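Written out below as structure tokens is the structure these notes cover.
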Amino acid sequence: MKRTFYFILLPILLLFLQGDAAAQAKQNAKISSVKQKGNMVYVTVTSAKEFYMGNNKHILYIGNQLFDLYDQENEEGKGTLRFHIPATAYKALPNGAPVYLSYGELYIEDGETAGDVCKQDLCPCWSLGKLNKRTQK
Amino acid sequence: MTSRKIISFYGCLYAIVLLLGVHFHTLAQTTPDPGILGPLAVTKVEYDLGDAVAPLDSLPIPAEARASIHYPTTLTGGPFPVIILLHGRHSTCYNTTSLAASSAWPCPTGRLPIESFQGYDYHARFMASHGYIVVSISCNAINARDGAMANNGMPARGQLVQHHLNLLNTYNTGATSPLTAEIGSSLVGKFDLQRVGMMGHSRGGEGVVFGALLNRSLGSPYGIKAIITLAPVDFKRKILNGIPMLNIAPYCDGDVSDLQGVHFYDDARYTDLTDEAPKHNIVMIGGNHNFYNTTWTPGSYIAGTSDDANSLYGSTHAFCGSNSATSGRIDTTVQKAAYNSYASAFFRMYVGGDTTFAPILETRDLVPPASSMLDTDNVYVSYHPGRTDRRDINRIDTVYNETNNTMGGAVTSSGLVSSGICGGGLAIPVCGIATNFYKEPHKGATGQKGLAQMGLRWDNATDQYQNDIPASQQDITYMEALQFRAAIRYDQSVTGLDLDYTVQLIDSAGAVSSQKVHDHSYALYYPPGTHATYLPKVMFNSIRIPISSFTGIDLKKVRKVKFLFDRSAAGSILISDLSFVAKKCGKLNSTFAFAYDTVGYDISFFDTLSYNTGDTVKWLWRFGNPTSGTSDTSTAHNPSHVFTGAGTYTVCLSVYAKRINQRICTDTFCTTITVVPAIFVTDVNERPNITIYPNPARDQIYIAGAERTDVLRLVNQLGQVVLTTEINEPMVWLPTHLANGMYHAIVTTSRGQVHQRLVINR
């Protein structure tokens, strides 16, 4: 790599690259089940595509809460994340709260929601719809 | 002005800059290359004791006990220093038919383990060729379970490392070991487990930090001499002092994309002010997360590989995408070569004791080793010397440092558009450069320190920032360099333009010596890449200006360190860690005291030099009394010598101190003493029966067996009498002004004299 090359081309590049968004792989994830066992609620997120098995954390945002303890299973190209949520915390979540899944922590500024950040499509983050406590059990 | 006009303007500006030759120039490489393969043939063996045989306190299932060992084939000599490698989190198994990766453990039927631990064989072979035994540990069981663990499996990783060290230790002693059946017995006794280096990649990086802390908590059964954290996570913000460390941050990391491993460096700088362990950080521009490990690299392994930078940024991203015409990426071959060169320099210095490559790690040689295949604009180094190897001018670690530096001198500025300390969890907790920590890896978080930074923004050639040096600190003749860390604050600077300014030293007579930053460092580069979330990144790098380049001033009376922003018309930088760096060994100032004993010509000598924690010290005393034969020298710390007669003798003490940074410091001090017969030459058997207690003493001592009119004298290690008193009662108060330390308590009586060493410890 030559810095000189970068320097010369940078002004030209700026013409084309302003607002360039990262190419994020579509995960097509969804909440497939919510089950309570003892004092823990397990929210299972599945995808037809395996979830990245790396060194950062998958994080489930529900409303203004985040959860980052989970079992991960990738099998034959399909992915499963089973999040562990204390039953008391789950009970406190508002029905209809927006749900997002991210790889790595989102930086959410004051006044912003996970959805605001996710909608910008600038980092690995996917909308999982809204929490439906009546059907997601 | 439209954006197109702005770009045209900057395009012209760049062209002018290039034509004027302000651009970087290549320096000659002066340091031997640490990446040249060693002379020794290498053999590899593996042990695999099973997938679920290692019980770890903090893991719900037993882990596998599997590792590879690379070693010098002939095994001549030895024992050999040991390097432990610990990979990060990755898929654990793959389907032998579909090759799909999965994450269970142990691997179900039809799946085989993904051998992440073999991904560093290139480095293991290399180190073994230089006489190291390299053990790379499999960590799949933890990877399969740590997602659901609040501690992210870090204690388990530390325990896994300790488990393998214990296995190796048992084997090494020749005791019954399960390893014997796996690797034979040829390596028995060949592991030097008091010289151990560890490298952890990704979650393994934080894992080896936990391992080092666990080893310390167990009384340091193994000698952990150096730690590399390679693209690590730092979820738990553990601070490791006392062990030299190197963090490597790949700029285009698509996994740990906030480069949070810089915290290992930042957080540890001033938490222990006695810390002698150097810290290093290397920013590898264009590096991604996975290419350091061949098992994770596309084309190098059968399953589970990816180019994480392409996954995050897209392969056509202008800088971090590998398929862009303007890509700044380094390919997998370069990335491994680069890691190998710098890791070799680091381990061979701090584990092997070879300081040949120190200039590369200490920013004294900015040219990357040829073997690394990197240009100067691919790699930026930070270096934080240990306590005695630096003199802090301004740590920039508290808001107080805006106006008063660490030395106690005034801090002033004039003309600046803005200045002030931000970050580091201080009054202004973040610097507001970017909206997130992906662009500001040094940023702290709630309850976490991060890096405090002094922001300096200018728009005029007379703008300046200045630190006064108090009179007691103005002699810098024993200093080797002026050093600080800095980064361009890109949101307040011209896009794409590197910056420069002048650093001045001013002596007490007002003489000024100036140096341009750009003549000594590449660190003030405009960070590359654009991305709404991740790029560019503000990464601090060390700027080092040799004191020898500041000519024409009195280096014994340097009164001010001034930054004069007269080189770039406008700009904004962030700085931290302003200090003087000591010459290679500093100054030992060897000296000793002595005290006449009571019998014949017996004199006690006391080395009065203070050493640093972790120093390996050797002493050689020469008493100048050859007729005493072999007793004329001693290697004791505080010896006694019985001179063969009265007279004048020249006594010398030579001290050899090997420091934690592998620097060897020596000094010799000689002085002439006059030996006369003791005033009271008393036969031991006829000494009065006097006992002094307690010892150590705090506020008072009791003297049993003394009589009224007996006299107590306390003599300090400099031979000064600090207390003389008649013993009118058994208890004697010790004056409160007496400092902690060792004294000679001498009780003089009409029946003879008693001498006892007494420690005061309040």
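Quick note: the coordinates plus some simple rules give every number you see, no bench work behind them. Note that this is a predicted model, so its numbers are computed, not measured. Note: ideal-geometry Cβ built from the backbone for every residue, glycine included; neighbour counts use all protein chains shown.
Overview of values
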| item | result |
| --- | --- |
| At most 10 other Cβ within 10 Å, DSSP loop - chymotrypsin sites (Phe, Trp or Tyr not before Pro), segment B:700-762 | none |
| Cα-projected label distance for B:THR333 with B:THR109, points at 7 Å along beta-carbon direction, nm | 4.5 nm |
| Dipole of chain B, positive end: most advanced residue of B:TRP296, B:ASN401, B:ALA511 [Cβ charges, Cα centre] | B:ALA511 |
| Average beta carbon contacts from partner chains per residue of A:66-74, 10 Å cutoff | 5 |
| Between segment B:227-286 and segment B:57-114, the alpha-carbon center distance in angstrom | 25 Å |
| Mean separation of Cα contacts under 8 Å (6+ apart) over length of chain B, as relative contact order % | 9 percent |
| FRET efficiency for B:CYS652 and B:THR176, using Cβ-Cβ distance with R0 set to 51 Å, rounded to 0.05 | 0.50 |
| Residues with amide H under 5 Å from that of B:ILE114, placed H, sequence gap 5 or more | B:CYS93, B:TYR94 |
| Long-range amide H partners of B:GLY409 with built H, under 5 Å | none |
| Compactness relative to 2.2 N^0.38 Å, alpha carbon Rg of segment B:105-247 | 1.07 |
| Directionally averaged shadow of the protein assembly as shown, computed from the convex hull of its alpha-carbon atoms, nm² | 45.7 nm² |
| Neighbourhood charge, 10 Å Cβ-Cβ cut-off, centred on B:GLY254 and excluding it, Lys, Arg +1 and Asp, Glu -1 | -4 |
| About the Cα centre, charge dipole magnitude for the protein assembly as shown (Lys/Arg +1, Asp/Glu -1 at Cβ), debye | 1060 debye |
| Net charge over other residues, Cβ less than 11 angstrom from the Cβ of B:ARG145 (K, R count +1; D, E count -1) | -1 |
| Top positive-direction residue, dipole computed over chain B with Cβ charges, set B:GLY624, B:GLY184, B:ILE330 | B:ILE330 |
| Average beta carbon contacts from partner chains per residue of B:253-259, 10 Å cutoff | 4 |
| Shape call, chain B: gyration tensor on alpha carbons, a/c limit 1.5 | oblate |
| Per principal axis, descending, Cα span of segment B:25-99 in whole Å | 53, 41, 33 |
| Segment B:592-647, relative contact order [Cα under 8 Å, separation at least 6], % | 38 percent |
| Within segment B:252-364: Cβ-based charge dipole about Cα centre, in debye rounded to nearest 20 (Lys, Arg +1; Asp, Glu -1) | 400 debye |
| DSSP H segments from chain B that extend 15 Å or more along their own axis, Cα-based, with Kyte-Doolittle mean of 0.5 or above | B:3-19 |
| Over chain B: helical MRE at 222 nm, DSSP H runs n ≥ 4 each giving -39500 (n - 2.57), nearest 500 | -4500 deg cm²/dmol |
| Per DSSP, loop trypsin sites (Lys or Arg not before Pro) in segment B:203-289 with at most 16 further Cβ within 10 Å | B:LYS236, B:ARG237 |
| Rounded if a/c under 1.5, otherwise prolate or oblate - segment B:344-395, Cα gyration tensor axes | oblate |
| Cα centroid separation, segment B:134-190 to segment B:384-405 (Å) | 40 Å |
| Net charge, A:TYR103 excluded, C-beta distance under 9 Å - Lys, Arg +1, Asp, Glu -1 | 0 |
| Student exercise, segment B:139-285 dipole from Lys, Arg, Asp, Glu Cβ charges, in Debye to nearest 20 | 320 debye |
| Residues B:ASP554 and B:ARG698, FRET efficiency given R0 of 35 Å [Cβ-Cβ distance, rounded to 0.05] | 0.15 |
| Per-selection Kirkwood Rh - segment B:507-637 (Cα, Å, 1 d.p.) | 21.0 Å |
| Label zone at B:THR709, where the point sits 7 Å out along the Cα-to-Cβ direction: segment B:723-762 residues whose backbone N lies under 18 Å | B:725-730, B:747-754 |
| Those lysines that a straight Cα-Cα span of less than 16 Å connects to A:LYS30, excepting residues fewer than 8 apart in one chain | A:LYS49, A:LYS78, A:LYS130, A:LYS133, A:LYS137 |
| Length added when fully stretched, B:LYS584-B:ASP602, from 0.36 nm per residue minus Cα-Cα | 2.7 nm |
| Neighbour-limited loop hits for GluC sites (Glu not before Pro), segment A:57-137 (at most 16 other Cβ within 10 Å; DSSP other than H, G, I, E, B) | A:GLU76, A:GLU109, A:GLU112 |
